[in-house]
Each structure stands twice: as structure tokens, then as C-alpha cells.
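Notes follow the structure.
Read-outs throughout are calculated quantities, based only on the coordinates presented, and are distinct from any laboratory measurement. Worth saying up front: this structure is predicted, and the values here are computed from it rather than measured. Glycine gets a Cβ as well: all are built from the backbone with ideal geometry, and neighbour counts include every protein chain shown.
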Amino acid sequence: MKIAVTNIGRTFGRQTRAYAEYRVFSSLARFSDVVLNATVCLRPPTVKGRSVVCRVSVMVERGSRLQVTARGRHPYDAINRAADLIGDALRTHGDVAAAP
């Protein structure tokens with residue numbers, strides 16, 4: 001399983017990038033036999049006081065792509081929410097649930 005984190009280091013720094021990799025990996029680890037790759041993208045708020053947006057996109061073995069988007073008050077909040085959502089999406093996704 002490969003996890004690519006895009007547009008995080010430039011805006012948010014290496015620590016946030018490392019946290020995103022760790023948090024998404026920990027949510028996807030139980031599905032490592034069917035998840036081919038994942039992409040994490042974090043977007044800063046465009047207006048002061050708005051939410052940070054985290055998008056996680058996952059390609060599974062049978063060619064399906066799952067994507068979730070989450071908002072948070074700060075980067076870690078958005079990352080945590082997106083990681084939880086993608087774990088839930090994989091748990092309920094038919095192709096993943098049917099995999100041996």
C-alpha cells in the first residue's frame with residue numbers, strides 16, 4: 001500500500017505531513033490486503049475563520065475508488081475526521097467486505 005500526501009508540506013510543514021501519513025495509514029492498515037494506494041490532500045482555509053479541508057482518496061484492489069472529504073478547525077482535526085471517514089467507508093464498501 002502506497003500513501004501519497006500532496007500539498008501538505010508546502011503549506012503546513014513536515015510535522016503535519018508526517019501526521020497525515022501516520023493517521024491515514026493507521027486507519028487503512030487492516031485493509032492493506034485490498035488497498036492499492038491512497039492520496040491525502042490538505043487545503044488551508046481560504047478565508048480567516050473557515051475550516052481546513054482534508055480529502056482522502058483510496059484505490060482498492062478491484063478497481064474501485066473511494067473518496068472522503070472532512071473539515072476541521074485545524075489541520076489535525078481535519079486529518080482525524082477524514083481518516084475516520086475513510087476507515088468507515090472501507091468497512092462498509094462491498095468490494096472490500098467481500099475480499100478474502
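Some values worked out for this structure:
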quantity: P(r) tail fraction, the chain - alpha-carbon pairs more than 17 Å apart, %; calculated: 46
quantity: Percent antiparallel among DSSP beta bridges (both partners in the chain, rounded to 5); calculated: 75
quantity: Length released on extending from SER64 to LEU36, taking residue separation times 0.36 nm less the Cα-Cα span; calculated: 9.1 nm
quantity: Ordering of 60-69, 82-91, 12-21 by packing [mean C-beta count within 10 Å, highest first]; calculated: 82-91, 12-21, 60-69
quantity: Principal-axis tilt of helix 14-28 within the chain, Cα atoms, nearest 10 degrees; calculated: 30
quantity: Anisotropy class of the stretch 1-43 from Cα gyration tensor, a/c 1.5 cut; calculated: prolate
quantity: In degrees, nearest ten, helix 75-92 long axis to first principal axis of the chain (Cα); calculated: 20
quantity: Length released on extending from ARG14 to ASP88, taking residue separation times 0.36 nm less the Cα-Cα span; calculated: 24.0 nm
